[in-house]
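**Student:** Input: one structure, supplied below.
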Amino acid sequence: MVKNLVELRGLKVAFDGVQVLHGIDLDIARGEAIGLVGESGCGKSVTWLAALGLLPGKATVSGSVRVDGQEILAQPRHVLEGVRGKRIAMIFQDPSSSLNPVLRVGRQITEALAIHRGLHGEAAKAEALRLLDMVGIPDARRRIELFPHEFSGGQCQRVMIAMALAGEPDLLVADEPTTALDATIQAQILDLLIALRAETGMATIFISHDLGAVSQVCERACVMYAGRIVEQGTIQALFDNPRHPYTRGLFDAIPRLDGPRERLIPIPGTVPNPRDLPEGCAFSPRCSHAAIDCRTRMPALHSTDDGRLLSCHHPVGSHPPIGVTHPAEARVLEPLS
Amino acid sequence: MNEHFKTPLIEAKGLVRTYEVRQGMFGRATPVRAVDGIDLKVMPGETLGIVGESGSGKSTLGRMLLGIDPPQEGQALFEGKPMPKLATPEWRALRAKMQFVYQDPLAALDRRLTIAEQIGEPLAIHNLVPKPHRETRVAELMSAVGLRPDQAGRYPHELSGGQRQRAVIARALASRPKLLVCDEPVSALDVSIQAQVVNMLRDLQEKNHIAMVFISHDLKVVRNIADRVAVMYLGRIVEEASSDVIFKTPLHPYTKALVSSVPVPGKLLQGRVILQGEPPNPANRPSGCAFHPRCPLAADICRTSVPQLLSVADGRTAACHMVTRAEASVAA
């Protein structure tokens, strides 16, 4: 049996006593690409900031995060630093604010090389050039001496990716890496992430609210809502047949570039405040399929016969549980656009 | 009634806007043409979408249409009359009829005023509603954009992103404008909330017969809301057509690349045209067709001669040597 690269078990996070993450279980195999999707405030980023010990002191984190079987949660700094940036690297949405504006990009990349790989001087510079070349910065030899403001947004993100690759990580966590970029540049960066993964064999976590972008990069996706995973499966299964009404809602809300121009199908309401979570299923107040039991009983995340994980009393789509008819089914389903 | 005989609500004729950019503190100032000769028309009640990458001049164009950024050449006409000078009483009076919605609602709202006070401000500034009736009108506007009456006393930071954008839109609608210029109004919102706001804008527009200029880099949203779409590249319109046509059969290679770069949910990257390179610097505009360094079809003529925006079909224009040549040979 192949051991997983990273295993999250019961990861919980609370800020000032308010629980925002309610126990995340997630396995990442070597080389695998997993998408985390959901609206802002659902805990996608917090999951990874918590796992890597990047949350501020007021956050209470519990559970377990194992990298190759080694526990890293609540470990002393030197253990964490052997993992952070080295085994698991992370890139963020706004590349220009993640780079140091007063240091040349070459210096920032060689710093990472010195820390994680013990490379110095000419060897570090040569490696930095190779990395910049790899992420598609043209004329790297000259541009290694430039400051971050001399690069465009898309190129800053490439530089960030080069820095992330400096430690030769086994897992790259990309937190909304293309959200701030133009469509054409977004396509380039997605392409780059796919190519790098093929080249280096590193696993990728792709955090995004753009389901289109997620399906370009990943094989599997977790849909998160209000600090919990509500559906998890292969991209194909989720797209062809979303079972959780929230997953379905996210797909339906995307405007289309082809077909007839119809009214968009929004998800009514907003993500609940973690201080004030509704009783039962957290999605039930916004759900068009909610029945009485949804308001009282929290659905557990269970595996279904088609190999996905689902947490819903009354799933939409095909394959309803045999012999069970529930009130939601009697209603007219919204037409798929 | 034939559209051709009506006066456009707003018309731009050869708009040019140049900024001076210095290289370093003591460098020589070089002129940058952010908007470089734009002609367009928006009919009453119509929505024109403007798409393009950052730096293509779409936001500057939006500001010029409202007279906030005065053009150096050309002019903007509102209901057939030239736009009055910025900050004159005539311009201020006209501003009640044309409103602006920005991308970042938190920056557009005053964080020390409740949203009801802010929505009521235009009523006071333009003296539109007598004071005793203002509260009723504010309540009416709030319900029109889907804000609850109990949210009237809230401050901007107490609202979610979607609710803030609703408040900004309510404030823009307060003076019953004929034109709304929206600059990336839903780009900062989640897709679920984005759909709520887009539907709301469409409804409000239909009900109040407002014309809209909708600036966005998100082609999917633009297609959904706009009747016509203009694609901008480095300060110029390179293609314009109805939104159904332009995304289905894009003609200009740049529009083709934009359409192709939109990720389709559930489909893998295959056979997509991924545009190489970055948008060029407007301060260093390539010769001939500005798009030629990134264009897969570029020929010698593209490097030397600037293509004009020509009519290629009914209600459809494009500025590309390759497209207009192909169309001409089909016609011949």
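**Student:** At 20 °C and a viscosity of 1.002 mPa s, what translational diffusion coefficient does Stokes-Einstein give for the protein assembly as shown, taking Rh as the Kirkwood radius over Cα pairs? Give it in µm²/s as a whole number. Write out the running numbers ahead of the final one.
**Tutor:** Numbers: Rh = 27.1 Å.
D, rounded to a whole number, is 79 µm²/s.
**Student:** Ok, one more. I'd like the mean, over residues of B:192-204, of how many other protein chain beta carbons sit within 10 Å of each residue's own Cβ.
**Tutor:** Values: counts 18, 8, 6, 10, 8, 2, 5, 4, 1, 0, 2, 1, 0.
Mean number of neighbouring Cβ atoms from other chains: 5.
**Student:** OK, next. Rounded to whole Hz and in sequence order, give me ³J(HN,Hα) for the range A:161-175 from the Karplus expression 6.51 cos²θ - 1.76 cosθ + 1.60, θ = phi - 60°, writing x for Gly and Pro.
**Tutor:** 5, 4, 5, 5, 6, 4, x, 6, x, 8, 9, 10, 9, 9, 9
**Student:** Tell me the relative contact order for chain A as a rounded percent, counting alpha carbon contacts under 8 Å between residues six or more apart. Present the calculation step by step, with values, prior to reporting the outcome.
**Tutor:** Numbers: 595 pairs, mean separation 63.6, N = 337.
RCO, chain A: 19 percent.
**Student:** Sort B:227-233, B:187-193, B:278-284, A:5-11 for me by packing, meaning the mean count of neighbouring Cβ atoms within 10 Å per residue, highest on top. Walk me through the numbers before you get to the answer.
**Tutor:** Numbers: B:227-233: 24.1, B:187-193: 22.6, B:278-284: 16.1, A:5-11: 19.1.
Averaged packing, sorted descending, gives the order B:227-233, B:187-193, A:5-11, B:278-284.
**Student:** Once phi is turned into θ = phi - 60°, what whole-Hz ³J(HN,Hα) does the Karplus curve with 6.51, -1.76 and 1.60 give for every residue of the range A:117-127, x standing for Gly and Pro?
**Tutor:** Result, rounded to whole Hz: 10, x, 8, 9, x, 4, 4, 5, 5, 4, 5.
**Student:** What's the long-distance tail for the range B:182-320, i.e. % of Cα pairs beyond 23 Å?
**Tutor:** Details: 4075 of 9591 pairs.
For the range B:182-320, the share of Cα pairs beyond 23 Å comes to 42 percent.
**Student:** Ratio to report: Rg/Rh of the range B:76-208, with Cα atoms as the point set and Rh obtained by the Kirkwood method; give two decimals. Write out the running numbers ahead of the final one.
**Tutor:** Details: Rg = 14.8 Å, Rh = 15.3 Å.
With Rg and the Kirkwood Rh in hand, the quotient comes to 0.96.
**Student:** What does the charge count near A:Asp182 come to, summing +1 for each Lys or Arg and -1 for each Asp or Glu among other residues with Cβ under 11 Å from its Cβ?
**Tutor:** Numbers: positive: none; negative: B:Glu53, B:Asp218, B:Glu278.
Within the 11 Å Cβ shell, the charges total -3.
**Student:** Could you calculate, for the range A:101-197, the ratio of the Cα radius of gyration to the Kirkwood radius, expressed as Rg to Rh? Please report the intermediate quantities before stating the final value.
**Tutor:** Values: Rg = 12.8 Å, Rh = 13.6 Å.
On the Cα set of the range A:101-197, Rg over Rh gives 0.95.
**Student:** Plugging the Kirkwood radius over Cα pairs into Stokes-Einstein for the range A:50-139, at a temperature of 4 °C and a viscosity of 1.567 mPa s, what D comes out in µm²/s? Let's see the in-between values first.
**Tutor:** On the way: Rh = 15.2 Å.
Answer, rounded: 85 µm²/s.
**Student:** Separate question: Work out, in µm²/s and without decimals, the Stokes-Einstein translational diffusion coefficient of chain A at 10 °C, 1.306 mPa s, Rh from Kirkwood over C-alpha pairs. Intermediate values should be presented prior to the final figure.
**Tutor:** Numbers: Rh = 21.4 Å.
Here the translational diffusion coefficient equals 74 µm²/s.
**Student:** I'm checking a number: the convex hull volume of the Cα atoms of the range B:1-158, normalised per residue, in Å³. What is it?
**Tutor:** Numbers: hull volume 29.1 nm³, N = 158.
Spelled out: Cα convex hull of the range B:1-158, divided by residues, is 184 Å³.
**Student:** For a quick protection proxy, order the peptides A:55-68, A:77-90 by their average other-Cβ count within 10 Å, most packed first. Present the calculation step by step, with values, prior to reporting the outcome.
**Tutor:** Values: A:55-68: 15.1, A:77-90: 18.0.
Order by mean packing, descending: A:77-90, A:55-68.
**Student:** Place the peptides A:284-295, A:193-204 in order of packing, highest mean first, counting for every residue the other Cβ atoms within 10 Å and averaging per peptide. Please list the in-between numbers first.
**Tutor:** On the way: A:284-295: 18.7, A:193-204: 16.4.
Listed from highest to lowest mean packing, they are A:284-295, A:193-204.
**Student:** Bin width 10 Å, origin at 0, all Cα-Cα pairs of the range A:224-330: what percent of pairs per bin?
**Tutor:** Per 10 Å bin, starting at zero, the Cα-Cα P(r) for the range A:224-330 comes out as 13, 45, 33, 9, 0 percent.
**Student:** Kirkwood hydrodynamic radius, chain B, all distinct C-alpha pairs: what's the number in Å? Display every interim value, and only then the final one.
**Tutor:** On the way: mean 1/r = 0.0469 Å⁻¹.
Kirkwood radius, chain B: 21.3 Å.
**Student:** If Lys and Arg each add +1 and Asp and Glu each add -1, what is the summed charge of the other residues whose beta carbon sits under 12 Å from the beta carbon of A:Ala114?
**Tutor:** Values: positive: A:Arg107, A:Arg117, A:Lys125; negative: A:Glu111, A:Glu127.
So the surrounding residues net to +1.
**Student:** Could I ask something else about it? Taking the Cβ of B:Gly62 as the center, what net charge do the other residues with Cβ under 12 Å away carry, scoring Lys and Arg +1 and Asp and Glu -1?
**Tutor:** Numbers: positive: B:Arg17, B:Lys58, B:Arg63; negative: B:Asp69, B:Asp183, B:Glu184.
Taking every Cβ under 12 Å from that of B:Gly62, the sum is 0.
**Student:** Let me ask another. If you plug each phi of the range B:204-214 into the Karplus form 6.51 cos²θ - 1.76 cosθ + 1.60 with θ = phi - 60°, what whole-Hz ³J(HN,Hα) values come out, in order, with x for Gly and Pro?
**Tutor:** With coefficients 6.51, -1.76 and 1.60, one gets 4, 5, 5, 5, 9, 6, 9, 7, 9, 10, 10 Hz.
**Student:** Mind giving me the FRET efficiency for A:Asn100 and B:Arg111? R0 is 30 Å, r the Cβ-Cβ distance, nearest 0.05 is fine. Spell out each step's value before the answer.
**Tutor:** Values: r = 30 Å, r/R0 = 1.00.
So the FRET efficiency works out to roughly 0.50.
Here, each number is a calculation from the coordinates, and none is a lab measurement. Every value quoted in this text rests on a predicted model; they were computed, and no experiment measured them. A quick note on method: Cβ atoms are made from the backbone with ideal geometry, for glycine too, and the neighbour counts reach across all protein chains shown.
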